[in-house]
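**Student:** Have a look at the structure that comes next, please.
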Amino acid sequence: MHPFSYTRASDTREALDAGRDGGRYIAGGTTLVDLMRETVERPRTLVDISALPLRDIVVTRRGGLRVGALVRMAEAATHRGVRALYPVISQALELSASAQLRNMATIGGNIMQRTRCTYFRDVSADCNKREPGSGCAALHGVNRTHAILGTSDDCVATHPSDVAVAFTALEATVHLLGPDGKRTVPFADFLLKPGSTPNREQALRRGELITGVELPALPRPLKSGYLKVRDRQSYEFALTSAAVALHIRGGVIREAKVAAGGVGTVPWKLAAVERELIGRRPSEALWTKAAERAADGARPLRHNRFKVELLKRTVERQLRVAGGGK
Amino acid sequence: MSQQPQAAVGAPLSRVDGRLKVTGQAEYAADLPHARTTSRGGTPIIDGVVHAVVVDSTVARGRITGIDTRAADALPGVLGVISHLDKPALVYRDNPGAWLDPFVGERLHVFQDDKVRFFGQPVAVVVARTLEAAQHAADLVRVSYDAEQPTTDLTGAPENDPLPTQDYARGNPEEALASAEVRVEGTYRLTRNHHNALEPHATIARWDGEKLTVWDKTQWVLGARDELAAVFGMSAENVRVISPFVGGAFGNALRTWPHTTIAALAAREIRRPVKLVLTREQLYYGVGYRPAYEYGLRLGSTRGGRVTAAVHRIRAETSSYEHFAEGVMNPGQLLYATPHVRQAFRTVPLDVNTPTFMRGPGWSSAAFAIESAMDELAHETGIDPIELRLRNEPQEDPSNGLPFSTRRLSECLRTGARAFGWHRRNPKPRSRRDGDWLIGMGMASGIYDTLRMRSEARVRLDADGTALVQASTSDMGPGTYTSMTQLAADALGLTMRTVRFELGDSTFPAAPPHGGSQTMAGVGSAVQDGCDKLRQEAVKLAVEDERSPLHGVDADDIVVRGGRLHVKGTPARGETYRQLLARNNRTHLETRGTFTPSGDDRYSMNAYSAVFAEVAVDRRLGLVRMRRMLGVYDVGRIISPKLADSQALGAMVGGIGQALLEHTVTDHRDGRIVNANLADYLVPVNADIPDLKAIYLDGEDLHADPIGVKGLGEIVKVGVAPAIANAVFHATGRRVRDLPITAEALL
């Protein structure tokens, strides 16, 4: 670890001032501190925002939910409103990390977490995300866990968050506060694909602070859930995952929200799968047919070819779980 | 000699050091010097300790062309940076006592030249007043290399010349194979595994003039003492190694590794006590691992399932500087009564650090190949896997013709089959389903030799009626503290609370390495011997003492219970140790117990197991989930049943890891391990562990040692992985010959 200074912001104004001066925000610290220990992250100043009033979960006027950035993963997972309205969110959170980490980590921090790519986390390896221009060791290296979607020749790292997959599926909105005031960004635009600048991971402006994530009101009844496929049954990141929400009325799928995790450089919205589903009647055949589209555009690497098929089957399984079938 | 009543031995007692461990009072090497002096062990506080952090090579092969320490040296608190540029004097005398080290090759010499032999090799050490300063400074040391392309992939790499012992043949295997009615053939690949004990390796070294004291994580304090003496060119009397607690090791604290030398070297150069704790990542490069294997096996058999021929072609990775070889050939020679056998075992030198022993070393790797192949043969011949093994049960050790001291493998198989409900298994693969899950049952046999070595123990009974027993052994987790206390308590006729067992100090009586499942047999027998002698001395003192109520009684008629000597069957007639010693003005009685294994190898001595596994495999997603496991063991006498269960269940967890999760992954482009941490190197978590059960056949093996034990900690690991792999085959019809078995193999 390298030396750094640490300040505690007592209110939003103080935080923003420190952020404008180049301070890095820290809340639960479950990712940042690890990376600082590995010297992957070397912030000069940490601004602790834990005391900021961003810990509420509120129902919005439109009937959605807004989750404060500092709500702990464990709090969000067990919140009655979240459980009732968006089981997919609860499940994604509860399948993440460990109980200890979920008690510390925040929703804002979760969507800011950085990739588990082992080359990114090993400062002696080449990584364009960590050191722009140094190269991507994973592209032709050991890449079983890496992305098959949204990759570039400069970066093939997956985004590790589970709940971000659910946010992507549900088309959440990120609320931001910066030196120039408030703004909102659709979740799909918040996390950036690597392109030629994998070091830029979020559409954040300098000093900007996440204040919350808003989940839109969705037509009811809504069946939703999250499936996480991984080697180990707990405390591990996804090989593949699927977040699915279906609104079925009169025997017809009226709304379908589907996204995949563990496979993309960002949580991957499966628009083609959604299109296959909308307007059709649930059936085994439909789940299979729709899931066939899950890996459209996939660019597998040497060690992760299996993810193409596994992704399709993961989506198929979760469509069946959410939409019914044997 | 009278039979002492058995009260502690055989009772399911909790660990005597359990409270110390769960309350954080047990002092592991890395806890010092912050830990306080406790009554147990009496570890002194070490003043003025400074901190060392090792700088590792970031190339796997080549030469160091420069080390720039200017930025590091300039940091406040930094006391020095040591590398080969400083030419630190180390003698590296031969150490003939280091019999655990590979026979061929030479151990890594730290900071003696500019050559890089593997990724992660120590190239410098930074010493600073605080750990934080040392870590920061280590990160500022700039090392430049002239790097060469390393070879780190076992597959296809050329082999070392074999030792004579690496070829074995009996009968006429090629002919027998060619004429066999049934043949199966496969190459089984076991990936490299790391031990990943919870406790990191740590060393504190302090010089007092010519004397060196080292607090270390080690399974063998005497081995560490002798190795340090050899490396530094000292007399062993001037080195003391202390290691009262070990937080798991599984074999990787048997050898004395370079970091221990580095700590002692740094302490000498900086002239301060130095503490060095390896990081988790450094543990992947610094303290050995279970080597990767390619195990080619061809079996020939009759249609009736009698295996007539076995041809083994075994390749294992080793380092470029040492040829590590373990007992991977043994199971193929004596597990089954195969008349025609050929084995060729070759090590493959790679640009990696040297492998080492890891739980069930060699034997468990061989068992994966052999027991998988036996399952293939069972499938091929249509014979039940258990029946197949029963048909190949030898009457004597087929490798040397010796009778078995005890061999109850058949009983393990039959007992296990009953307890596991094997008869409910439909032999047809893919025949049982539960929703999306395919259910399978598999089994495997296991064998591990009963190792015994000379051991000693000191036993002292004090005037207050309490006893102290000492031996320079270790407790890496099996519960040596507890089991030895149990033995001593019964032999001395004392309660558990009035006996204290101490270990982990090289000044204590000699003990062999705490590995190879030999501690109970060797140290246990020495403890038993010393305690028996002491009790007999006390009895003699009493019966010859006119003032004793026991005066004139036949010594054989006296037993001791609860610290009181009395006539067997007449508890009223007797006296306590305290009374006896006080009256005779004795401050204490002291004896030395010894165990020397019989030198004449009249018997083949081994422990055996039958392991059963039930798995569920998601038919679409390829995920393997354990449902239940059972191990049945022929291990002789069980001294401490609760600890035995800890061993057996822990090894099943380890085997589940090996079968389904564990895999050290190397990037062969530059020799770096890409998952050198516990987030990416997966070990099982609670959610992966189903219902586990262990059964021990009641019995003892008095040919092995006077207390009748055959060793437990290794055999419980052997056979776990193949039982799981065979269950996966039964569930899916898919034979996976590479470990670990992950989703992509089953999609």
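**Student:** Name the residue, out of A:G19, A:G29, that is modelled with pLDDT of 95 or more and surrounded by 14 or more Cβ atoms within 10 Å (Cβ to Cβ).
**Tutor:** Result: A:G29 is the single residue among A:G19, A:G29 that is modelled with pLDDT of 95 or more and surrounded by 14 or more Cβ atoms within 10 Å (Cβ to Cβ).
**Student:** What's the number of the condition B:I558 fails, among (1) surrounded by fewer than 22 Cβ atoms within 10 Å (Cβ to Cβ); (2) over 30 Å from B:G477 (Cα atoms); (3) among the hydrophobic types (A, V, I, L, M, F, W, C)?
**Tutor:** That leaves (1) as the condition not met.
**Student:** Something else about it: Looking only at segment A:69-126, filter to residues that are small (G, A, S) and within 18 Å of B:A679 (Cβ to Cβ); which one of those is farthest from the other protein chains (Cβ to nearest Cβ)?
**Tutor:** Checked segment A:69-126; the qualifying residue farthest from the other protein chains (Cβ to nearest Cβ) is A:G109.
**Student:** So, in segment A:143-162, exactly how many residues are surrounded by fewer than 24 Cβ atoms within 10 Å (Cβ to Cβ), more than 16 Å from the chain's Cα centre (by Cα) and within 14 Å of chain B (Cβ to nearest Cβ)?
**Tutor:** The number of residues fulfilling the criteria is 1.
**Student:** Can you name the residue in segment B:683-701 that is among the hydrophobic types (A, V, I, L, M, F, W, C) and facing chain A (nearest Cβ under 8 Å) and is also nearest to B:R290 (Cα to Cα) among such residues?
**Tutor:** B:V685
**Student:** What pairs can you find where one residue is in segment A:166-184 and without any contact (Cβ under 8 Å) to a residue 12 or more places away in the chain, the other is not in a strand (DSSP E or B), and their Cβ atoms are less than 9 Å apart, with a gap of 6+ or different chains?
**Tutor:** A:R183/A:R205; A:R183/A:E208
**Student:** Can you give me the number of residues within segment A:233-280 that are away from chain B (no Cβ under 14 Å), in a strand (DSSP E or B) and more than 12 Å from the chain's Cα centre (by Cα)?
**Tutor:** Matching residues across segment A:233-280 total 13.
**Student:** Just one of (1) within 22 Å of B:T187 (Cβ to Cβ); (2) assigned to a loop (DSSP other than H, G, I, E, B); (3) out of contact with any Asp or Glu (no Cβ under 8 Å at 6 or more places or on another chain); (4) among the β-branched types (V, I, T) trips up B:I370, so point out which.
**Tutor:** Unmet condition: (2).
**Student:** If I filter segment B:629-638 down to residues being part of a strand (DSSP E or B) and farther than 13 Å from B:V720 by Cβ, which single residue comes out as farthest from the other protein chains (Cβ to nearest Cβ)?
**Tutor:** By that ranking, first place goes to B:G636.
**Student:** Looking only at segment B:118-151, how many residues end up being in a loop (DSSP other than H, G, I, E, B), surrounded by fewer than 22 Cβ atoms within 10 Å (Cβ to Cβ) and either under 29 Å from the mean Cα position of the chain (by Cα) or more than 13 Å from chain A (Cβ to nearest Cβ) (or both)?
**Tutor:** So the count comes out to 4.
**Student:** Condition (residue is in contact with a helix residue (DSSP H, G or I) (Cβ under 8 Å, 6 or more places away or on another chain), more than 27 Å from B:F729 (Cβ to Cβ) and at pLDDT 95 or above) applied to segment B:402-420: is it met by at least one residue?
**Tutor:** Looking through segment B:402-420, none of the residues is in contact with a helix residue (DSSP H, G or I) (Cβ under 8 Å, 6 or more places away or on another chain), more than 27 Å from B:F729 (Cβ to Cβ) and at pLDDT 95 or above.
**Student:** Quick one: which of A:V185, A:V165 is away from chain B (no Cβ under 14 Å), crowded, with 24+ Cβ neighbours inside 10 Å and not in a loop (DSSP other than H, G, I, E, B)?
**Tutor:** Only one candidate passes the filter, namely A:V165.
**Student:** Surrounded by fewer than 24 Cβ atoms within 10 Å (Cβ to Cβ), farther than 22 Å from A:G28 by Cβ and not assigned by TED's automatic domain parsing to the domain that holds A:A260 - does that describe any residue in segment A:98-120?
**Tutor:** No; the residues of segment A:98-120 include none that is surrounded by fewer than 24 Cβ atoms within 10 Å (Cβ to Cβ), farther than 22 Å from A:G28 by Cβ and not assigned by TED's automatic domain parsing to the domain that holds A:A260.
**Student:** Can you name the residue in segment A:202-220 that is within 27 Å of A:C117 (Cα to Cα) and more than 16 Å from the chain's Cα centre (by Cα) and, of all such residues, is farthest from the other protein chains (Cβ to nearest Cβ)?
**Tutor:** Among those residues, the one meeting the criterion is A:R205.
**Student:** Among the residues of segment A:221-232 satisfying the criterion of being more than 20 Å from A:V67 (Cα to Cα) and part of a loop (DSSP other than H, G, I, E, B), which is farthest from the other protein chains (Cβ to nearest Cβ)?
**Tutor:** A:P221
**Student:** Report, by residue number, each residue of segment A:44-63 that is touching a Ser or Thr at 6+ places or on another chain (Cβ under 9 Å) and not aliphatic (A, V, I, L, M).
**Tutor:** Of everything in segment A:44-63, those that are touching a Ser or Thr at 6+ places or on another chain (Cβ under 9 Å) and not aliphatic (A, V, I, L, M) turn out to be A:R44, A:T45, A:D48, A:S50, A:P53, A:R55.
Yes/no per residue for (1) part of a helix (DSSP H, G or I); (2) within 27 Å of B:K717 (Cβ to Cβ); (3) of a type outside the set (S, T, Y):
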| residue | (1), (2), (3) |
| --- | --- |
| B:E380 | yes, no, yes |
| B:L388 | yes, yes, yes |
| B:E393 | no, yes, yes |
| B:G416 | yes, yes, yes |
| B:S431 | no, no, no |
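**Student:** Right, another one. Any idea which of (1) over 23 Å from B:L377 (Cα atoms); (2) surrounded by 21 or more Cβ atoms within 10 Å (Cβ to Cβ) is the one B:A419 doesn't satisfy?
**Tutor:** Failed condition: (2).
**Student:** Regarding B:G48, is this residue at pLDDT below 95 and within 30 Å of B:R240 (Cα to Cα)?
**Tutor:** For B:G48, the condition - at pLDDT below 95 and within 30 Å of B:R240 (Cα to Cα) - is met.
**Student:** For segment A:99-121, give me each residue that is free of Cβ contacts under 8 Å to residues at least 60 places away in the same chain and in a loop (DSSP other than H, G, I, E, B).
**Tutor:** Those that are free of Cβ contacts under 8 Å to residues at least 60 places away in the same chain and in a loop (DSSP other than H, G, I, E, B): A:T115, A:C117, A:T118, A:Y119.
**Student:** Can I ask one more? Only strands (runs of 3 or more DSSP E) wholly contained in segment B:176-282 count here; list those with 2 or more residues that are surrounded by fewer than 23 Cβ atoms within 10 Å (Cβ to Cβ) and not aliphatic (A, V, I, L, M).
**Tutor:** So the answer is B:182-190, B:202-208, B:211-216.
**Student:** Among the residues of segment A:294-312, how many are surrounded by fewer than 22 Cβ atoms within 10 Å (Cβ to Cβ), out of contact with any strand residue (DSSP E or B) (no Cβ under 7 Å at 6 or more places or on another chain) and either within 11 Å of chain B (Cβ to nearest Cβ) or not acidic (D, E) (or both)?
**Tutor:** Residues flagged as surrounded by fewer than 22 Cβ atoms within 10 Å (Cβ to Cβ), out of contact with any strand residue (DSSP E or B) (no Cβ under 7 Å at 6 or more places or on another chain) and either within 11 Å of chain B (Cβ to nearest Cβ) or not acidic (D, E) (or both) within segment A:294-312 amount to 9.
**Student:** Mind checking which pairs have a first residue in segment B:191-213 that is closer than 25 Å to B:A229 by Cβ and a second that is of a type in the set (S, T, N, Q), Cβ under 6 Å, 6 or more apart or different chains?
**Tutor:** Between residues of segment B:191-213 that are closer than 25 Å to B:A229 by Cβ and residues that are of a type in the set (S, T, N, Q), the close pairs are B:T203/B:T260; B:R206/B:T213; B:E210/B:N238; B:K211/B:N238.
**Student:** While we're on this one: Considering only residues that are part of a strand (DSSP E or B), charged (D, E, K, R) and either free of Cβ contacts under 8 Å to residues at least 60 places away in the same chain or away from every other protein chain (no Cβ under 14 Å) (or both), which ones fall in segment B:433-452?
**Tutor:** B:D449
**Student:** Just to check your reading of the model, which residue among B:Q343, B:Q333 is assigned by TED's automatic domain parsing to the domain that holds B:E387, closer than 24 Å to B:N160 by Cα and surrounded by 22 or more Cβ atoms within 10 Å (Cβ to Cβ)?
**Tutor:** B:Q343
**Student:** Mind listing whichever residues of segment B:494-504 are in contact with a Gly (Cβ under 8 Å, 6 or more places away or on another chain) and either surrounded by fewer than 24 Cβ atoms within 10 Å (Cβ to Cβ) or without any contact (Cβ under 8 Å) to a residue 12 or more places away in the chain (or both)?
**Tutor:** The answer is B:T495, B:T498, B:E502.
**Student:** While we're here: Quick test of your reading of the structure: B:D680 fulfils all but one of (1) more than 14 Å from chain A (Cβ to nearest Cβ); (2) free of Cβ contacts under 8 Å to residues at least 60 places away in the same chain; (3) of a type in the set (D, E). Name the failing condition by number.
**Tutor:** Result: B:D680 fails condition (1) only.
The values are calculated or read from the model by the stated rules, or taken from the named source; none is laboratory data. Keep in mind it's a predicted model, so treat the numbers as computed, not measured. Ideal geometry is used to build each Cβ from the backbone, glycine not excepted, and the neighbour counts take in all protein chains shown.
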